[in-house]
Amino acid sequence: MPSPLFWLFATLMLIGGIAVISFRNPVASAMSVVACFVGLAGLFIGLSTFFVGVIQILVYTGAVMVLFIFIIMLLDLKNEEKRNSKYAPIAAGLGLVVLFTVQLVGVLSKSPNPEAPPLDRATLAAAAGDYLTDGKIASSLNAGQLPDVHLIGHMLFTQYNFPLQIIGVLLLVATIGVVVLSKKPAE
Amino acid sequence: MPEIFLNLAIIITKIVFFTFLVVLPLVPLSVYFERRFSAVIQDRVGPNRVGIPLTLLGMKKDFHFFGLVQPIADGLKLFLKEDFTPEHVRKAFYWMAPALTVVPALITVCVVPFGSSVSLFGHTEKLVIADIDIGPLFIFSVASLSVYGITLAGWASNSKFPFIGGVRSTAQMISYEIALGLSIIPVLLYYGDLNLSRIVQQQADHGWLLLPLWKNGTLSLPDLNTALFLIPAAIAFLIFTISIFAETNRMPFDLPECETELVGGYHTEYSSMKFAMFFMGEYAAMVIGSALIVTLFLGGWSIGFGLDAIVAKWEIFGVGIAGLIHLGCFLTKLLIFILFFILVRWTVPRFRYDQLMKLGWVVFFEAALLNVFLAALIIAAPQLTAAIIGIGAVLLVAITLAVIWVAKVSDDTVRPIPA
């Protein structure tokens with residue numbers, strides 16, 4: 001049975017999600033997205049992936065949404081509040097929801113759903129064999145802790161090292177591109 | 001089942017004790033220190049009268065604790081003031097904003113290790129609310145939420161100066177978060193750990209990051225590698241401390257509430273306890289920022305000089321009191337650092353906004369990034385051959401010079417275009 005905290009954060013997330021589309025005020029909608037992201041981070045932490053949860057808050061809630069709100073406030077979208085919603089976008093949105101639900105049902109019905117092993121000492125110690133015996137990961141797995149940050153780092157820098165570097169270069173190019181494009185030519 | 005209730009009771013006790021009996025009282029205390037210290041700096045006396053008014057009870061003399069009761073009087077005054085809500089504000093956000101500034105600052109308390117551990121009836125308890133493996137990241141992520149409070153306050157006030165204050169604050173906090181996050185990467189590389197209690201334990205055993213003068217309980221000079229690491233550590237300390245100043249909107253970076261330009265900045269339209277909550281949030285963020293600096297760079301709760309192992313064995317009536325001694329040590333360091341914050345506020349003049357942004361983006365960002373490479377080189381050096389170390393060092397120097405050159409060139413072209 002999921003813990004009560006799961007229900008708490010799932011409810012927070014759903015309320016946030018519904019509030020995004022029901023508020024007229026763009027800032028209120030943006031704040032609802034923030035609530036939704038906080039709920040999502042809570043769900044991640046409930047799954048013992050502290051790192052993913054915290055990064056979720058740090059990146060999306062702490063940086064991306066702040067920029068969103070920043071822009072909304074600067075633009076001062078008064079027209080947005082008066083606008084009446086038309087039927088076509090609502091129908092399209094509902095269609096997307098239905099499609100997504102169908103896809104979800106399809107995936108869930110095909111994928112095997114075995115009971116996940118509980119994160120107790122024995123499971124963690126058994127997993128320690130895959131890593132260097134004197135390393136940090138193995139020692140904390142043997143001690144009955146889940147070193148999620150170290151595990152993610154290990155995975156990224158051993159199995160996905162090349163894609164990681166490519167993404168790094170891509171981001172660098174994007175950053176420099178933005179600077180070049182936004183800089184006015186000096187006279 | 002009783003096990004669960006016991007654990008729950010312990011956690012709630014810890015939350016109440018650390019948040020409401022340790023960190024929150026530090027807020028009025030630092031306000032008092034701020035006023036007294038600024039008075040000393042400006043050759044005044046400061047508030048030194050408010051104490052226990054024994055004359056009201058018919059005694060001869062008042063008992064004034066150097067004015068230490070002043071913060072309570074200040075707090076009482078703020079509670080009793082009229083809570084005025086202007087007509088033109090956006091009500092819901094106007095009410096939400098003060099809470100959104102205080103709450104994140106107080107949530108971050110939960111990963112700060114206040115002391116080693118206290119043992120009672122054979123039960124050992126660490127003096128930290130949540131001993132999770134992502135301490136510094138948790139503090140950064142939750143602290144980054146406090147920007148909403150300030151931004152919303154500026155926007156919801158629906159008037160010009162608060163809005164400019166809110167916008168300034170958003171831009172400033174986002175910019176300095178980058179320098180803040182990058183600057184501690186060398187430190188985390190050195191520890192190889194993100195758990196703040198383990199980081200402090202490591203410092204207690206092997207010397208503080210900025211003072212590695214003992215090893216395994218005996219005083220000794222650091223080996224070459226540790227000594228060399230003092231360079232990136234010092235750079236990281238400098239960048240991190242200054243970024244904390246900017247992140248908590250303290251002088252010399254308090255542009256969001258710059259009185260000479262913006263009246264009061266984002267809290268211009270607030271009064272009474274709502275204003276006090278912004279005040280509290282700011283000071284609580286300062287306390288947590290100092291706590292993080294002390295924890296990462298200055299040994300956290302450890303007394304240092306190899307004394308921690310000795311203290312850890314002390315007991316009074318079967319109660320292990322090492323944790324309490326360490327708690328005292330931590331709070332002493334914290335207060336010294338808060339005094340440093342106050343000293344800086346009353347000595348350094350305020351920056352201009354473009355200077356602030358330039359410092360963050362052109363100086364700190366690059367310096368922190370280069371510092372990461374320098375630290376990585378020093379940490380990896382024992383496993384590398386001399387040739388590779390040499391190539392790495394040459395490359396690093398070349399990149400540093402290139403960055404300095406680019407910064408200089410970009411500075412030249414930003415000159416105002418003549419009309």
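Numbers below:
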quantity	calculated
Within the range B:24-75, tally of residues that are surrounded by 11 or more Cβ atoms within 10 Å (Cβ to Cβ) and in a helix (DSSP H, G or I)	26
Of the criteria (1) at the interface with chain A (Cβ under 9 Å from one of its Cβ atoms); (2) within 28 Å of residue B:379 (Cα to Cα); (3) at pLDDT 85 or above, which one residue B:142 fails	(2)
Scope the range B:117-137; condition more than 14 Å from chain A (Cβ to nearest Cβ) and either under 14 Å from the mean Cα position of the chain (by Cα) or at pLDDT 80 or above (or both); matching residues	B:128, B:129
Selected residue [under 20 Å from residue A:47 (Cβ atoms) and surrounded by 10 or more Cβ atoms within 10 Å (Cβ to Cβ)] from A:126, A:116, A:138	A:126
Enumeration of residues in the range B:248-259 that are part of a helix (DSSP H, G or I), in contact (Cβ under 8 Å) with a residue 12 or more places away in the chain and more than 13 Å from residue B:101 (Cβ to Cβ)	B:255
Matching residues, the range B:154-189, being surrounded by 24 or more Cβ atoms within 10 Å (Cβ to Cβ), more than 12 Å from chain A (Cβ to nearest Cβ) and small (Gly, Ala, Ser)	B:165, B:179, B:183
All positions within the range B:260-305 that are in contact with a Ser or Thr (Cβ under 7 Å, 6 or more places away or on another chain), assigned to a helix (DSSP H, G or I) and farther than 30 Å from residue B:80 by Cβ	B:289, B:293
Of residues in the range B:79-116 being over 20 Å from residue B:283 (Cβ atoms), buried (at least 18 other Cβ atoms within 10 Å of the Cβ) and not hydrophobic (A, V, I, L, M, F, W, C), the one nearest to the chain's Cα centre (by Cα)	B:113
Filter result (buried (at least 24 other Cβ atoms within 10 Å of the Cβ) and either under 16 Å from residue B:100 (Cα atoms) or basic (Lys, Arg) (or both)) within the range B:263-284	B:266, B:267, B:270, B:281, B:283, B:284
The one condition in (1) away from every other protein chain (no Cβ under 14 Å); (2) at pLDDT below 85 that residue A:4 fails to fulfil	(1)
Helices (runs of 4 or more DSSP H) contained in the range A:86-155 and holding at least 2 residues among the hydrophobic types (A, V, I, L, M, F, W, C) and away from chain B (no Cβ under 14 Å)	A:87-110, A:121-127
Residue list for the range B:246-261, restricted to those being buried (at least 21 other Cβ atoms within 10 Å of the Cβ) and either in contact with a Phe, Trp or Tyr (Cβ under 6 Å, 6 or more places away or on another chain) or of a type in the set (A, V, I, L, M) (or both)	B:246, B:247, B:253, B:255, B:256
Selection status of residue B:341, touching a Ser or Thr at 6+ places or on another chain (Cβ under 8 Å) and either surrounded by 15 or more Cβ atoms within 10 Å (Cβ to Cβ) or within 22 Å of residue B:231 (Cβ to Cβ) (or both)	yes
Criterion: without any contact (Cβ under 8 Å) to a residue 24 or more places away in the chain, touching a Leu at 6+ places or on another chain (Cβ under 9 Å) and closer than 26 Å to residue B:275 by Cα - qualifying residue of B:50, B:22, B:69	B:50
Scope the range A:145-178; condition more than 21 Å from the chain's Cα centre (by Cα) and at pLDDT below 85; matching residues	A:145
Residues of the range B:197-246 that turn out to be of a type in the set (Val, Ile, Thr) and either part of a loop (DSSP other than H, G, I, E, B) or over 30 Å from residue B:257 (Cβ atoms) (or both), as a count	5
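The values are calculated or read from the model by the stated rules, or taken from the named source; none is laboratory data. On a predicted model such as this, the values are computed, not experimentally measured, just so you know. Ideal geometry is used to build each Cβ from the backbone, glycine not excepted, and the neighbour counts take in all protein chains shown.
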